[in-house]
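Q: Structure below; questions to follow.
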C-alpha cells in the first residue's frame, strides 16, 4: 500500500491505494493557509491517521503547487506562497520519519492518468490543468519528467502562440508579463474574456451554460477559447509529440472542447496527420492525490 497527499490551497487530501490502484482509505483537512509549520504538522497527522486505519506504515508521495528547486532543495513558484523558500521535502521526512517523494501537482495529475486513467498505456502523456490557473505535467514511459530546472510542462507562462489581434498585447499576468497562455485558458481568464466582449461578470460554468442555451456572446467566447487552446496545445504537440493529452481542472468539464480543439489544432501542428488524442480525465478531481500515491 502507498499514501498520496494532495497539498492544495484550500484542502489537504490524503489517500491510501493498494498495488492495484484500489482506494482503501481517504481523509481530508482544511489547509492552514499562511502557516508553514502547521501545514507540515497537518500532513503528519493525516499520515498517522491513515496508517492507524490500515494497520501498517506506508511510503508517502506528496503533490504540491510549484516545484522543488534542484539547486536549493526548497519550494519555488508555488501560489501557496507560504511554501516558497522552505525545504518541504526535508521537513516532511523529519516529521514522518522516512523519505518522502514530492512532485508538482500537475505532474501528479498526469501520472495518475498515465498509470491507470484515461491515458493508461500511452508512452508520452501531457496532463493539462485548466482551472484557477493553467498548469501542465509530462509523463514519459510511466515516469514524471521534471527537467533540469524542475519546470517541465509549465506551458501556462509562455505567450499565446500565433496571436490574433484580440490576443495582443493580452491581459496582465501575475508573473509580470502580458498575454500568457494562463490569462486566456484558466477559468478566470475565460470569464474575463467574456466580459471584455460585452458579457456580464459570470463564472466559467455559467458562461458555458449560456453557450449551451445558444447565447451568441457565450458561443463566441467558447469558440475563442477553443481556438486559443488549440494553438497553445499545438506547440506542445510540435515540441513533445505526446500520444495523449488529458485535460483536468474545471474547464475539463466543457465537453465541446474535446471535438472543437482537435478540429482546430491541425492547422498549427507540423504534421500531415495528428494522432494525438485529447481526452477527459478518468479519475477527475481524484487524479492529483492518486498520482501522488503513484510517485512511490
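Every number in this text was worked out from the coordinates using simple rules, so none of it is lab data. These figures come from a predicted structure and were not determined experimentally. Methodologically, a virtual Cβ is constructed for each residue, glycine included, from the backbone with ideal geometry; neighbour enumeration extends over all protein chains shown.
Q: For region 66-100 and region 106-161, what is the centre-to-centre distance using only Cα atoms, to the nearest Å?
A: Spelled out, the Cα-based centre of one part sits 20 Å from the other.
Q: Report, for region 119-280, the % of DSSP beta bridges that are antiparallel, rounded to 5. Numbers along the way, then the final one.
A: Working: 11 of 19 bridges.
Given both bridge residues lie in region 119-280, the antiparallel proportion sits at roughly 60 percent.
Q: Here's a follow-up. Stretch residue 158-residue 282 to full length: gain in nm at 0.36 nm per residue minus the Cα-Cα span? Please report the intermediate quantities before stating the final value.
A: Values: separation 124, 0.36 × 124 = 44.64 nm, distance 2.76 nm.
Here the segment from residue 158 to residue 282 would lengthen by 41.9 nm.
Q: Could I ask something else about it? Over the alpha-carbon set of region 105-149, work out the extent along each principal axis and list the three values in angstrom, largest first.
A: Here the Cα extents, ordered largest to smallest, are 29, 26, 12 Å.
Q: Express the C-alpha Rg of region 42-159 as a ratio against the empirical globular expectation 2.2 N^0.38 Å, rounded to two decimals. If you can, show how the numbers build up before the last one.
A: On the way: Rg = 15.1 Å, N = 118, 2.2 N^0.38 = 13.5 Å.
Taking N as the residue count of region 42-159, the ratio is 1.12.
Q: Calculate for the chain the 222 nm mean residue ellipticity that helices alone would give, adding -39,500 (n - 2.57) per DSSP H run of length 4 or more and normalising by residue count, nearest 500 deg cm²/dmol.
A: Working: 9 runs with 105 residues, N = 296.
Calculated from helices alone, the mean residue ellipticity at 222 nm is -11000 deg cm²/dmol.
Q: Next question. Would you calculate the separation in nanometres between label points at residue 238 and residue 177, each defined as 7 Å from the Cα along the Cα-to-beta-carbon direction?
A: Here the modelled spin labels are 1.5 nm apart.
Q: Give, in nm to one decimal, the length gained when the segment between residue 149 and residue 166 is fully stretched (0.36 nm per residue of separation minus the Cα-Cα distance).
A: Extra length from residue 149 to residue 166 when fully extended: 2.9 nm.
Q: Something else about it: Suppose we keep just the DSSP beta bridges with both residues in region 70-167; what percent of those would be antiparallel, to 5?
A: Working: 9 of 10 bridges.
Among the beta bridges of region 70-167, antiparallel pairing accounts for roughly 90 percent.
Q: Moving on to the next point. With no solvent and one point on each alpha carbon, what is the Debye value of log10 I(q)/I(0) for region 119-280 at q = 0.09 Å⁻¹?
A: Computed log10 I(q)/I(0) values: -0.28.
Q: For the chain, calculate the relative contact order in percent as a whole number, restricting contacts to Cα pairs under 8 Å that are 6 or more residues apart. Could the numbers behind the result be given before it?
A: Details: 626 pairs, mean separation 61.7, N = 296.
Normalised by residue count, the contact order of the chain is 21 percent.
Q: So, by mean Cβ neighbours within 10 angstrom, what's the order for 93-105, 67-79 with the highest one leading?
A: Values: 93-105: 18.5, 67-79: 16.3.
Ranking, from highest mean packing down: 93-105, 67-79.
Q: Here's something else I'd like to know. Please report, to two decimal places, log10 I(q)/I(0) for region 151-198 at q = 0.16, 0.26 Å⁻¹ as given by the Debye formula with identical point scatterers on the Cα atoms and no solvent.
A: -0.41, -1.01
Q: Antiparallel DSSP bridges in the chain: what percent, to the nearest 5?
A: Bridges in the chain that DSSP calls antiparallel: roughly 60 percent.
Q: Right, something else. Once both axes come from the Cα atoms, what is the angle between helix 216-239 and the longest principal axis of the chain, in degrees from 0 to 90, rounded to 10?
A: 60 degrees
Q: What is the percent of Cα-Cα separations in the chain that go past 29 Å? Before the final figure, lay out the partial values.
A: Numbers: 15355 of 43660 pairs.
For the chain, the fraction of Cα-Cα distances above 29 Å is 35 percent.
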